[in-house]
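Here the structure is laid out as structure tokens; the discussion comes afterwards.
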Amino acid sequence: LNEAERRLLFANFNTVTPESCMKPASLHPEENRFDFAQADALVEMAHANGLTVNGHALLWHNRCPDWFFNDDGQEAGRELVLQRMRAHIAAVAGHFAGKVQSWDVVNEAIDDQYEYLRKSKWLTSIGEDFIAEAFIAAHKADPKAELFYNDYRIEQQPKRDKALRLIRD
């Protein structure tokens, strides 16, 4: 941030939500490699200036490396993708436990058109329960954090009915 942006932020806001530095592609670009540098710097800057942090986002259909869904050049099976998802969430939410107030656990999983859920790699690899499994993993990794589902135009049809179904499910 430039100095004018920093003054605006610190004078007028009490919470920050990162745009991309906490998404899987930024934090976990390869299966056994994490890069927390940018996200750690954001959290440190926020705390140094009295701001809370909403972590965004543990799972998203976009900005997620293909390695999560591949197994030696083949499509990875449900159990392997589920294991990788859980390990990713445990590592990331665990790393920031006590440092972030809340997490957008799953981002934009509801379909914009006619289907219930977006045809993402998470859905096709794991099934509809990937959302519930992500929330279980996030709560286990950071039991004190508030956990959210994040989406856009969720208050409008057709997403509103799908969001209510998601809550009931």
inquiry  = As I understand it, the value is the acute angle between the Cα axis of helix 3-12 and the longest principal axis of the Cα atoms of the chain; what does it come to in degrees, rounded to 10?
reply    = 80 degrees
ask   = Of the accessible area of the chain, with the probe set at 1.4 angstrom, what percent is carbon plus sulfur?
value = 48 percent
query = What value, in deg cm²/dmol to 500, does the helix sum -39500 (n - 2.57) over DSSP H runs of n ≥ 4 give at 222 nm once divided by the residues of the chain?
reply = -12500 deg cm²/dmol
query = Do you know the relative contact order of the chain, to the nearest whole percent, from alpha carbon pairs under 8 angstrom that are 6+ apart?
reply = 22 percent
ask   = For semi-axes √(5λ) of the Cα gyration tensor in Å, the choices are (1) 30, 25, 15; (2) 27, 21, 14; (3) 50, 23, 13; which was calculated from the structure?
value = (2)
key: Mean accessible surface per residue for region 39-138, computed with a 1.4 Å probe while every protein chain stays in place, in Å²   = 44 Å²
message = For the pairs K121/K159; K99/K140; K119/K144, flag any whose C-alpha to C-alpha distance is greater than 24 Å.
response = K119/K144
query = Helix 78-95 versus the longest principal axis of the chain: what angle, 0 to 90°, nearest 10, using Cα atoms?
reply = 10 degrees
Protein-only accessible surface order, largest first, of K140, K99 at 1.4 Å = K140, K99
note = In nanometres, the difference between 0.36 nm per residue of separation and the alpha-carbon distance of Y114 and D71 is 12.4 nm
inquiry  = What are the ³J(HN,Hα) couplings of region 122-137, residue after residue, when phi is run through the Karplus curve with 6.51, -1.76, 1.60 and θ = phi - 60°? Round to Hz, x for glycine and proline.
reply    = 4, 5, 6, 7, 9, x, 4, 6, 4, 5, 4, 4, 5, 5, 4, 5
ask   = Using the alpha-carbon atoms, what tilt in degrees (0 to 90, nearest 10) does helix 159-168 show relative to the longest principal axis of the chain?
value = 80 degrees
request  = Output ³J(HN,Hα) for region 26-38: one whole-Hz value per residue in order, computed from phi by the Karplus curve 6.51 cos²θ - 1.76 cosθ + 1.60 with θ = phi - 60°, and x for Gly and Pro.
outcome  = 7, 7, 9, x, 9, 3, 10, 9, 10, 9, 8, 4, 5
Rounded to the nearest 10 Å², the accessible area of W60 at probe 1.4 Å = 30 Å²
remark   = Of all DSSP beta bridges having both residues in the chain, the percent classed as antiparallel (nearest 5) is 25 percent
note = Order by accessible surface, 1.4 Å probe, largest leading, for residues I154, I136, I89 comes to I136, I154, I89
request  = Could you work out how far apart the two model spin labels at N32 and R63 are, taking each label as a point 7 Å from the Cα in the direction of the beta carbon, and quote it in nm?
outcome  = 2.7 nm
Max mean-square fluctuation residue, GNM over the chain, Cα-Cα springs under 10 Å, options A90, A109, A41 = A41
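The values are calculated or read from the model by the stated rules, or taken from the named source; none is laboratory data. Not measured: the values here are computed from a predicted model. Counting neighbours? That spans all protein chains shown, and the Cβs are built from the backbone with ideal geometry, glycine included. Heads up: the accessible areas ignore ligands, DNA and RNA and are worked out on the full protein's heavy atoms, side chains in. Shrake-Rupley method; radii C 1.70, N 1.55, O 1.52, S 1.80 Å.
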